[in-house]
Amino acid sequence: MKPFIVCCILCALPMTARATDRYYFDIHVQSPSGHYQVDATSPDNQGPNLKAFQANFTYKCVDTRTGKTIWTRKQPMREPQRFNFGDSSFEIAVPNEGSPRIIIVSNLGAAAILAANDNLITISPQGQKTGEIDLVKDALQKEESERLMYHSWGGSNWSRLAAWYFFELPEGEIFVIRPAWGPRILVDVNKGKLVSGDVGLIGPALEAEKQLVLAASRTKIELEDHERSMLEAAYLAGSLNLHEAIPFLKSLETSTYSETNSARGHPDGVNFNNEVDPFRYCTYDLRQTAQLSLRRLGVAPRNLPCHGFMIERGDEAFPFTPKKQTQPRHKNATQVKTGMSAKEVLNTIGAPDYIDDDSWSYDMDAEVPFSLTLTFDTYNVTAIKKEAPLWKTGLARDKALAF
C-alpha cells in the first residue's frame, strides 16, 4: 500500500496577537496504486526561517508512470491585509480557502483536501474544485463532533484511527471518512455533495474497507512510511470482524513503532530513585492496536508489552525490564495489592495495555476473560478494579486508542 494520507495537524488558534502558531508543511502524497502523486507546496515553506500559518499553496497532480502533469491549482487568496501591533505592523496575504492539513488521492487522480478550517475540498480527476463541505457544521451533529474529534485550544483533530479513502462506482467516485466509531461521512466527488444518507453505498464502502486492510497486510511493515496506514488497517480489521486479517495482526505484534511518549510533571520533592514513574512511558501503538483487534477476533495476543518504562537512578533514567513471567499474567492478577509500586506491579503482571490519567488497565485473556484497572497516586497503587472485559462492550478501548 502506498502512503496515501499525510497529516499536518499542529496547534492552532485564530490569527490574533496572542495566537498559537499553526504550521502547514508541504505535502507529497500518492494514490493507493502509486499511479498519481499530488504535491502541495507553499513559498512560505522555502528558506531557512520557518514561518507559521503557511499559505499560497500550489497543488500539482502528476502521473507517476509518465511524469506528465495532470492538473494544477492555486490556493485562492484574498488581497493582502495589514496588521498593526503597537509600534510595528506587517502585511499578510490571507487565504480564501484553508491551507491543507490532509490530502487523500484517488486511483483516478481525484483528491480530497482537509483544510485548516475543517472544510473538506473535493477535486475532480481533471483538477476542478467540485465542492467544499464544512464537516463540523454540515456533516456531523454537534454531539458527534464532540465524540469523534478532539477539540482544544490548538484546534480540532480527527481520531488517528479514522479511515479516509475513495471507492469507485460506474457513475463516479465516492470519498469516505470512516471515524473510529459513529456514522461514515460519504461525499460524491463529481458533485462535491454529501451522500451519507444513501444506504446503497454502505455495501461498496464495506468492501473498500476490507480491501484497505488486505492491501496493508501485503505491505512490509518495516517500512516506517506505512506505519500510520498500518494503524488504521489494524483497527479496521477488528471493527470489521475480518478473520482473514489475523496473520497480518499477529505480524504487527512485534512492532515497536511508537507515536506516544509521556512524562507527567511532579511536585517538588518527588523522588523516583531506583523506582519506576508510573506515568513516564512510551506506547507501542501498532502493537497495542493489533492486540485489541486480535482479542475482538477471538485470538489471545502474545504476551508482549504495549508500554515501555524507565527506572530512574540519580539524574539518569534507563529502560526497565520487568521480571520474566513464568505463567500467563492473569494467573498473577490476585497478587497485585494496594500499596504496590509501579516497579512491583511490572514484576508481577507486566506492563499495562492502556494508561489513563491516573490508572493502568489490563485486558486479561483468562478462561473467563476480564479487565483489571489499577489506580495510582504519585508512587503506589491505591485502588484495584476487576470488571467485565472492556474490549467486548462499549467504546472505552476505542477511545483510549483514538487520540
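The values are calculated or read from the model by the stated rules, or taken from the named source; none is laboratory data. Just so you know, these numbers come straight off a predicted model, no measurement behind them. Cβ coordinates were reconstructed from backbone atoms using ideal geometry, including for glycine residues, and neighbour counts include every protein chain displayed. Please note that ligands, DNA and RNA were not included when accessible areas were found on the heavy atoms of the full protein model with its side chains. Shrake-Rupley method; radii C 1.70, N 1.55, O 1.52, S 1.80 Å.
What pairs from LYS60/LYS250; LYS129/LYS399; LYS250/LYS399; LYS210/LYS323; LYS193/LYS392; LYS331/LYS399 go past 30 Å between their alpha carbons?
Table pairs above 30 Å Cα-Cα are LYS60/LYS250; LYS129/LYS399; LYS210/LYS323; LYS193/LYS392.
Find the accessible area per residue for the chain; the probe is 1.4 Å, ligands and nucleic acids are left out, and the unit is Å².
48 Å²
Excluding THR393 itself, calculate the net charge of residues whose Cβ lies under 12 Å from the Cβ of THR393, where each Lys or Arg counts +1 and each Asp or Glu counts -1.
+1
So what's the gap between the Cα centers of segment 342-403 and segment 289-340, to the nearest angstrom?
Computed from Cα coordinates, the inter-centre distance equals 10 Å.
Order these peptides, 106-119, 385-398, 206-219, by their mean beta-carbon neighbour count within 10 angstrom, highest first.
106-119, 206-219, 385-398
Along Cα→Cβ, 7 Å out, is where each label goes; now give me the distance between the ones at ASN84 and VAL299 in nm to one decimal.
Placing both labels 7 Å along Cα→Cβ, they lie 6.7 nm apart.
In straight Cα distance, which lysines are under 17 Å from LYS324, not counting same-chain residues fewer than 8 positions off?
Qualifying lysines at Cα under 17 Å: LYS343.
Choose one of PHE403, GLN325, THR64: the residue whose Cα lies farthest towards the positive end of the charge dipole of the chain (beta-carbon charges +1 Lys, Arg; -1 Asp, Glu; about the Cα centre).
GLN325
For segment 31-190, just say rounded, prolate or oblate: build the C-alpha gyration tensor, square-root its eigenvalues into a ≥ b ≥ c, call rounded for a/c under 1.5, and beyond that prolate if a/b exceeds b/c, oblate if not.
oblate
In deg cm²/dmol, rounded to 500, what helix-only [θ] at 222 nm does the chain give when every DSSP H run of at least 4 residues adds -39500 (n - 2.57) and the total is split over its residues? Kindly include the intermediate steps, with their values, before the conclusion.
Working: 7 runs with 70 residues, N = 403.
So the calculated ellipticity at 222 nm is -5000 deg cm²/dmol.
Nearest 10 degrees, 0 to 90: what angle lies between the long axis of helix 202-217 and the longest principal axis of the chain (Cα atoms)?
Rounded to the nearest ten degrees, it is 70.
MET77's amide H: which non-local residues (gap 5+, or another chain) put their own amide H closer than 5 Å, with H modeled 1.01 Å from N in plane and none for Pro or chain starts?
ASN96
Quick check: net charge around LEU120, other residues with Cβ under 9 Å of its Cβ, Lys/Arg +1 and Asp/Glu -1?
That sum, taken over residues with Cβ under 9 Å, equals -3.
Rounded, prolate or oblate, given the Cα gyration tensor of segment 286-340, with a/c below 1.5 counting as rounded?
Cα axes put segment 286-340 in the oblate bin.
How would you rank 293-302, 318-327, highest first, on the average number of other Cβ atoms within 10 Å across their residues?
The most tightly packed comes first, giving 293-302, 318-327.
Once you list every other residue whose beta carbon is under 14 Å from the beta carbon of ARG313, what net charge do they have if Lys and Arg are +1 and Asp and Glu are -1? If you can, show how the numbers build up before the last one.
Numbers: positive: ARG280, LYS343; negative: GLU275, ASP277, GLU312, ASP315, GLU316.
Counting the neighbours of ARG313, the net charge comes to -3.
Would you grab the residues whose amide H sits under 5 Å from the one on GLU173? Only those 5+ places off in sequence or on another chain, please, with H modelled 1.01 Å from N.
Correct list: VAL189, ASN190.
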